[in-house]
Amino acid sequence: MTQRVLVASNRGPVTYQFAADGTLTATRGGGGMVGGVSSGLAAVGPKGTVTWICAPLSDADRVLARQDPQALDPDGIPVRMLDIPQDIFDRAYNNVANSALWFVHHMLFDTPNQPQFGYQFRRDWEAYLAYNEAFADALADEALAGAPVPASGGVRVLIQDYHLSLAPRLLRERLDGLPDVGIGHFSHTPWAPPDYYRLLPRDVGRAVLDGMLGADRVGFHAGRWAAAFLDCCEVILGAEVHKGDPGGTGPAGRVRHRGRLTEVEVHPLGVDAPALQARALAGDVQAHVASLSRATGRRKLIVRVDRTELSKNIVRGLAAYRELLATRPEWHGRVVHLAFAYPSRSAIPEYRAYTDHMRRVAQEIVEEFRTPDWNPLMLEVRDDYPRSLAACALADVLLVNPIRDGMNLVAQEGPVLSERGCAVVLSREAGAAATLGDDALLVNPYDVSETAAALHQALAMPDTERRRRSAALAATAAASPPARWLGDQLASLDR
Ligand code: F6P
């Protein structure tokens, strides 16, 4: 029996660019969702055939989507890029998904001024609907191409993230009556509590919930986010909600709405530890290990690796480092903070302003504390994956202090990569706090003084304790590898 697995996500596993001579070059898609799904697809096994449907992100992708929508990804997974007009994509991705839904779920709005949902938002919302319809059409097309389905292992559809919250319902409408098609939706973000979710216009908030409830299974990384989703279904939608254990993994509750039942589940995503450790042994990473070691001397290293993302709370992280240096002069000359941020969502004005703010604060810290033979801080805004792995390998302390985060993979990758064992200063608002909380140093991400104190505690921690905590963190991260994360979701759709 061959089971078909259809993945749908905004960002796909590959994106293309035109070289100067007009030829196409392929680059792997980045970020936690793409990494988790790509690596998790190993769980599908030889009995499965996979197609990954994604949006075109670059000019070259758009050309390809028109000429040859069935591209191949670098791992040999068939990828189908949708021919979505740039204007529709920009409105759906930048204005609705990333400026409204992302801001709601991460509770990022500067509420005296934003959001303002006016007539322009209505146009954006129409584009978001069209974008979701394009995915639903393609998924239905792929699912129906596999018919007659009952003779086979069925079709399992894995829809990813807040970009595609309407797609499960739209797909269900297109597949009406077709047996053995299981639809799952997974959110890699947090979910907002009803009082904050209510910032969305009433019909929009309801449409998002109703759209997701078109799925058979709705998944989150942490019990908190699943519980908030269930609360929103109850309060905003008036659906019949049954809540389970809010702290555990697996089933978290169920929602009955419009005559259908949707299971809400928790599937934490960890890391593929052996693959990550093997990658870190490669020459490009080891060259960075050598050059970073030379540049920072024998000093202790506080490391952070993020996207230039508002929710990652980089500015308060820098403020905490500044407070550490201001209040604990014993660390002067003995510690270096490596803050590596790779550019993200630069089309959104708030992201550009935030990146400038980060750079300004970093510059101030360097000017305030540097000495002729000590540079206290290196902030780099550039995408360099091998260098990020090298920094994690060398870290004594990893700082992960998001305002809110669906999971956070860096907090898990750091201990797995660490050579000497690293202490993790972790925001209590990261989904990963649910699994790593016993062995990390948890902080309130808004409390700069508490974060500075945790950095001091982490730096001063005895070696044996740091190594013990790091080993425990690495073991927890390795216990939920992507293959298990994705395999559990498929098994759940089979039930
Ligand atoms: O957290 C949601 C998420 O999709 C992550 O999986 C990923 O790291 C990030 O957002 C990427 O965002 P974008 O595709 O906008 O760069």
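The values are calculated or read from the model by the stated rules, or taken from the named source; none is laboratory data. Everything numeric in this text was worked out from a predicted model, so none of it was measured. Cβ sites come from the backbone with ideal geometry, for glycine too, and all protein chains shown count toward neighbours.
Residues that are crowded, with 23+ Cβ neighbours inside 10 Å, under 19 Å from Arg370 (Cα atoms) and not hydroxyl-bearing (Ser, Thr, Tyr) within the range 302-323 comprise Ile302, Val303, Gly317, Leu318, Ala320, listed in sequence order. Six or more apart or on different chains, Cβ under 6 Å: which pairs go from a residue in the range 26-41 that's touching a residue at least 24 places away in the same chain (Cβ under 8 Å) to one that's away from the ligand (no atom under 12 Å from the Cβ) and small (Gly, Ala, Ser)? Could you list them? Hits for this filter: Gly40/Ala483. What do you reckon, is Ile159 within 23 Å of Met212 (Cα to Cα), touching a residue at least 24 places away in the same chain (Cβ under 8 Å) and touching a His at 6+ places or on another chain (Cβ under 8 Å)? Criteria met by Ile159.
Residues of the range 157-181 being under 15 Å from Leu490 (Cα atoms) and at pLDDT below 95, which ones?
So in the range 157-181, the residues under 15 Å from Leu490 (Cα atoms) come out as 157-160, 180-181.
Selection gives Asp180, Val181.
Out of Leu41, Leu24, which single residue is crowded, with 19+ Cβ neighbours inside 10 Å, of a type outside the set (S, T, N, Q), at negative phi and more than 10 Å from the ligand (Cβ to nearest atom)?
Values: Leu24 fails: crowded, with 19+ Cβ neighbours inside 10 Å.
Leu41 is the lone residue from the list that is crowded, with 19+ Cβ neighbours inside 10 Å, of a type outside the set (S, T, N, Q), at negative phi and more than 10 Å from the ligand (Cβ to nearest atom).
The residues on offer are Arg404, Arg345, Arg387, Arg370, and the sole one that is surrounded by fewer than 24 Cβ atoms within 10 Å (Cβ to Cβ), within 16 Å of the ligand (Cβ to nearest atom), of a type in the set (D, E, K, R) and farther than 24 Å from Leu442 by Cα is Arg345.
Specify which of the listed residues (Pro69, Pro74) is without any contact (Cβ under 8 Å) to a residue 40 or more places away in the chain and not aromatic (Phe, Trp, Tyr).
On the way: Pro74 fails: without any contact (Cβ under 8 Å) to a residue 40 or more places away in the chain.
The match here is Pro69.
If only one of Asn94, Asn10 is within 12 Å of the ligand (Cβ to nearest atom), under 18 Å from the mean Cα position of the chain (by Cα), under 27 Å from His221 (Cβ atoms) and buried (at least 21 other Cβ atoms within 10 Å of the Cβ), which one is it? Within the list Asn94, Asn10, the selection yields Asn10.
Which fully enclosed helices (runs of 4 or more DSSP H) of the range 221-316 have 3 or more residues being within 21 Å of Glu413 (Cβ to Cβ), away from the ligand (no atom under 16 Å from the Cβ) and among the β-branched types (Val, Ile, Thr)?
On the way: elements: 223-235, 273-280, 283-296.
Counting at least 3 such residues, we get 283-296.
Remark: pairs (first residue in the range 113-141, more than 27 Å from Arg80 (Cα to Cα); second residue aliphatic (A, V, I, L, M); Cβ separation under 7 Å; 6+ apart in sequence or on different chains) = Pro115/Ala100; Pro115/Leu199.
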